[in-house]
Amino acid sequence: MAKNRFKLLVAVICAGTMSILAQQSFAQGPSSQDVERANLLQDQTQPPFGTAVNPEGFEDGHAVASPNDPDIGEQEILRRAPQYLPFSVALATPVFYTSNVALTPNNEKGDVVFAPAVAAFYDPQITRTLYAHLGAQEQVFYYGKYTTFDFGSLDCQAGLTYFMPQVHDLLLRAWYDFNRLTSGDRLGDEFFSNHGIILNAEVPFHFGRAQQVSLGADANLSVGADHQFPRRNDYEGYIGYSADVTRAFSVHVVGRVVDRDYHQNDRNDVSEIISAAASYQVRDWCRVSAIGSFAHSDSNQDQFDYDVGNVGGVLELSLKF
């Protein structure tokens, strides 16, 4: 899928130019595109670790799930319902090709990215329909060619999730999220941090025993950041479709529209994102997936417009206890 390279000299010049730009960007403080690139890749490639939140884990004999949960779709269960397990840990190794490394409107450069992630979550059940949420996840993105774009992302979260079975299985989330971005895997080399409040509402619609459509909206509100230029609030609506083709094989498609309102410079971006995955559950603790996504972003400042596509695969190992 990579574009044919021209002469070696041209490739060296392009690589050197991007390396210098990346070094200057981090040295002078993060640009809005540095943070946008981190958030975009994290959203499209990081497995949504955590426990699906529902009374005793099930509703009407099926697992309730959504585009924001680990298993999108319905799952037939045994006659004996398993015990709810509040702890979950996971390790994932996405490998993918991205078509626009720097998220530029012109002269796009593609690269292969390896993005290992590890996470741990604790979701204790407070009442039948109310759950607490505590968790942390770290993901590092390694670029094959343009290595100066390598970065790491740490998220620490705490909040509540409330399930309302009497209102069409409505799911409500209110979480605090601390996000810290670092250069490469150097955990002490921070270039941006943000404190956010995430508010989410989602409604699932079941079709038969193996298909589900979920409608949702969320707001990610920045309440504090160490750099103001990249700081923003995100307002999003999404629709997701999932189908269990067999007991082990499932497909998932999610479409999102995001309005990104920046705190400075009167900047506003609107992004349309579509992502798809085909997953095979090898074991209860092992899953492999083929993933793909495309994002189009239109800004009121033309230099921030971009298109980017990602395609690759993920191996995920997880454990609940």
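The values are calculated or read from the model by the stated rules, or taken from the named source; none is laboratory data. Fair warning: this is a prediction, and the values are worked out from it, not measured in the lab. Ideal geometry is used to build each Cβ from the backbone, glycine not excepted, and the neighbour counts take in all protein chains shown. Note: areas computed on protein heavy atoms with side chains; ligands, DNA, RNA excluded. Shrake-Rupley method; radii C 1.70, N 1.55, O 1.52, S 1.80 Å.
Observations on the model:
- Taking max minus min of the alpha-carbon positions on each principal axis, segment 122-168 gives extents of 52, 22, 11 Å, largest first.
- Here the Karplus curve 6.51 cos²θ - 1.76 cosθ + 1.60, taken at θ = phi - 60°, turns the phi angles of segment 251-265 into couplings of 10, 9, 9, 9, x, 10, 10, 10, 9, 10, 9, 7, 6, 10, 6 Hz, with x standing for Gly and Pro.
- Length gained on full extension, Ala248 to Ile126, computed as 0.36 nm times the residue gap minus the Cα-Cα distance: 40.8 nm.
- Whole-Hz couplings from phi, Karplus 6.51/-1.76/1.60, listed for segment 206-219; x for Gly and Pro: 8, 10, x, 9, 9, 10, 8, 10, 10, 10, x, 9, 8, 10
- Cut-off 12 Å (backbone N to label point 7 Å along Cα→Cβ of Asn300), residues of segment 252-291: 260-270
- Residues in segment 194-212 that a label on Asn233 would reach, taking backbone N under 13 Å of a point 7 Å out along Cα→Cβ: 197-199
- 3J(HN,Hα) couplings calculated from phi for segment 92-103 with the Karplus curve 6.51 cos²θ - 1.76 cosθ + 1.60 (θ = phi - 60°) are, in sequence order, 10, 10, x, 10, 8, 9, 10, 8, 9, 4, 8, 6 Hz; Gly and Pro show x.
- If you take the alpha carbon atoms of segment 278-317 and fit the smallest convex hull around them, that volume is 76 Å³ per residue.
- Separation of segment 233-284 from segment 140-202 is 15 Å, based on Cα centroids.
- Inter-label distance, nm, simple model (7 Å from Cα along the C-beta direction), His195/Ile274: 4.0
- Sequence-distant residues sharing a close amide H with Arg267 (under 5 Å, placed H): Tyr262
- Surface per residue (accessible, 1.4 Å probe) for segment 208-321, Å²: 50
- Global geometry of segment 197-319, whether rounded, prolate or oblate, following the gyration tensor of its Cα atoms and the 1.5 cut on a/c: prolate
- Estimated Rh, segment 79-177: Kirkwood, alpha-carbon pairs, angstrom: 16.5
- Between Val203 and Val112, the simple spin-label model (points 7 angstrom out along Cα→Cβ) gives 4.5 nm.
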